[in-house]
Every structure is written in C-alpha cells, then in structure tokens.
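*Asks:* I have a structure here, written as structure tokens, and I will follow up with some questions on it.
The values are calculated or read from the model by the stated rules, or taken from the named source; none is laboratory data. Every value quoted in this text rests on a predicted model; they were computed, and no experiment measured them. Here the Cβ positions follow ideal geometry from the backbone for every residue, glycine too, while neighbour counts run over all protein chains shown. For accessibility, only protein heavy atoms count, side chains too; no ligands or nucleic acids. Shrake-Rupley method; radii C 1.70, N 1.55, O 1.52, S 1.80 Å.
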Amino acid sequence: MTRFRLTGGTAGADLIDEAVLGVVFGAEAAARHIASGADVGRADARSVTCRYQHADGTVIVKRTRHTRSACAEGPLLRALHAAGLPVPGVVADTVTGGWHGLVMVDLGQPDPGTVPLPLPEAAALIAWMHRAGSAVVDTGTLPVVGSAQLAELPHLALHHLDELAERGQRLYGQLRQRLFALASLAQRRAACADRQPVGLCHGQLHPSRMLRTTDGWTIVGWSRAALAPVLLDLATLHIEWTGPGGMRPDWTGLLAAYAAGGGDELGDGPCNGLPAQRWATGWQQLRTAAAALADATLGDTALPLAATTTVINRLDDALEHLA
C-alpha cells in the first residue's frame, strides 16, 4: 500500500490514514497530505483532521481515538445525511488500531470573513437536528448520558487527573479540590437528567462547529454525540456563543428561538431545586472540563498550563451553578 505523507503523524495515525484512504482510492492510489490538522480543525491526542489531495480532488480525513465516550461518526453521519440534515457527506470509514477513521466530502476552505451564524438561527438549526436526528439514528450505537453517567463524571475525572499527576500535572491540588466538591454534589444534582427531554445531542456546539458552505450551514465535529438531555446542547450554546463584552446570551430568548425552530418547549422549571439553566450550564461545564482531562491522558504529557487554567475556570463555573 502506498505510504501517505503525514506531517507530525504517529504510527497509529499512519495506519488509520492508509486504511481509510485505501478503501476510497485503492491500495496503490497516491494521495498527498496537503494541510495540517490545525489548518482544518481540531488537532490533539484524541482527534486529528487533515485534508488530502488525490487525482480527482480533495477529501477530509478525520481520525479519532476509539474511547468509551467517543461516537463512531461514520454510521451517525450517514444516517443524518440520508435524512437531509446538514452534516458532511461520508465517503468511507473504518476502525483500526484503536482509531476511528473517516473520509468526508471536502466542504472547502473556510472563509475568514464569514460572520458566525446568529444565535437564534443556530438554536433553530439545533432544534431541527434534535427532532429529526433522534428519529433516524440507531441509538444503540450512541453513548448514553443519563443520571447514572452524570453522577459518575467527577469520579472519572478524578481518575484521569491521577493519571496526569504521574506526568507532573500543574495545579493538581486545585483541580482535585474542585472535583471532590463536585463529586459530593453529583448524585443529588444528576437525578433529574432522566426526566428531561432526551435526544441526539451534538455535545460540543461551538461556533466553529457550524461552517458556511455553498449549500448553507453545515454542522461538523460529531465525535462527542450522545443520546442525552437536549438541555445540555442548549447550555453549550449559552456558554460558547458569547456576545459583546463576553456576556452570555439571554437564556429565555435562546429557549424561545429553540421552540420556534420546532424544538420542545423546555421552559426553565426546577430540576432538583435548580432552575434548568443552572442545572444544564453546570453539568455541561463539568462535562467539558472532564473531557479535557480524559483527552489529555491519551497523549504523552500533562495538560498544559493554559488549558489547565481553562479547566479550572469551567469547574468553578460548574460549582457555582450546581452548588
């Protein structure tokens, strides 16, 4: 099989790229790596996205570590694409050497001048995704996020933190203190997850996950998709889509835009004594912080100081909302 050229690739990455590209182009076809992961999308110990050029054009190749919390994106994207949802088209996918490998239709170079999708329109798009996506996916292949999984989350994060401590993790004591505090709250605060509207959740709805193409907006980056309370996706919009001055958007307006797009009437009723906004925001901040610690254990070093500070800030936000 042709050796595909990788920039900064690992042995595992070489194997997965060869396997998935060989499915598409044949064992002897030549494909040239023309962009680093940083040029196309996320690049870290868990996931790398690259652009390859071959005789007929370009494709996007994404490889994601096969972990308990990772979704197999190929089957999910195929189901969503077939249902008409705005996701990348899948050319081929495979699993080898502990990696998911995925070849997708190239959506083109991002336009640096593109204005992000307005939040009300993003909320309506997510409502469509929740409604239509939940009806077509095979939920047996998706990770589940319910009360049991949420209650376990800070304990798993502590386990990953201990792994990182062996590599000299900076600010270990501060991380551990916050996770212990959250662990004492988790069982009680997780209980209402199973009473919330549940559906296909994207899991990491940052503005960068919505790309403008010639056919409209496309939602990318589905490796953390799960069957989960839809409030968690709404909380991600509330957290990540900051407005002028870094202010978070109005929660009531966000829910109204979601309902106008065909989503459930979620309201902001109490969830184990907390308003839904506080409950969902706290849990989503904890989920994001825990994922950063878990991802770091897949690499060879501890979490860098800047990323560690971000994790601490998210844990503080989780404590403020869930306490």
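*Asks:* I'd like the full set of residues that are at pLDDT below 90, among the charged types (D, E, K, R) and either open to solvent by 60 Å² or more (accessible area, probe 1.4 Å) or under 21 Å from Thr309 (Cα atoms) (or both), limited to the range 178-211.
*Replies:* Once the filter is applied, which keeps residues that are at pLDDT below 90, among the charged types (D, E, K, R) and either open to solvent by 60 Å² or more (accessible area, probe 1.4 Å) or under 21 Å from Thr309 (Cα atoms) (or both), the range 178-211 yields Asp194, Arg195.
*Asks:* Looking at Gly173, Gly140, Gly168, Gly133, can you tell me which residue is in contact (Cβ under 8 Å) with a residue 12 or more places away in the chain and open to solvent by 30 Å² or more (accessible area, probe 1.4 Å)?
*Replies:* Gly168
*Asks:* Scan the range 74-93 residue by residue and report those that are open to solvent by less than 40 Å² (accessible area, probe 1.4 Å) and either assigned to a strand (DSSP E or B) or hydroxyl-bearing (Ser, Thr, Tyr) (or both).
*Replies:* Within the range 74-93, Val90, Ala92 meet the criteria.
*Asks:* Sticking with this one: Can you pull out the residues in the range 273-299 that are farther than 14 Å from Leu175 by Cβ, assigned to a loop (DSSP other than H, G, I, E, B), of a type outside the set (A, V, I, L, M, F, W, C) and touching a residue at least 40 places away in the same chain (Cβ under 8 Å)?
*Replies:* Of everything in the range 273-299, just one residue is farther than 14 Å from Leu175 by Cβ, assigned to a loop (DSSP other than H, G, I, E, B), of a type outside the set (A, V, I, L, M, F, W, C) and touching a residue at least 40 places away in the same chain (Cβ under 8 Å), namely Gly299.
*Asks:* If you take the residues in the range 98-117 that are in a loop (DSSP other than H, G, I, E, B) and open to solvent by less than 70 Å² (accessible area, probe 1.4 Å), which one is farthest from Ser134 (Cα to Cα)?
*Replies:* Among those residues, the one meeting the criterion is Gly113.
*Asks:* Examine the range 216-223 for a residue that is open to solvent by 20 Å² or more (accessible area, probe 1.4 Å), in contact with a strand residue (DSSP E or B) (Cβ under 8 Å, 6 or more places away or on another chain) and in a loop (DSSP other than H, G, I, E, B), and state whether such a residue exists.
*Replies:* yes
*Asks:* So which residues in the range 224-264 are hydroxyl-bearing (Ser, Thr, Tyr) and crowded, with 19+ Cβ neighbours inside 10 Å, if there are any at all?
*Replies:* Thr236, Tyr258
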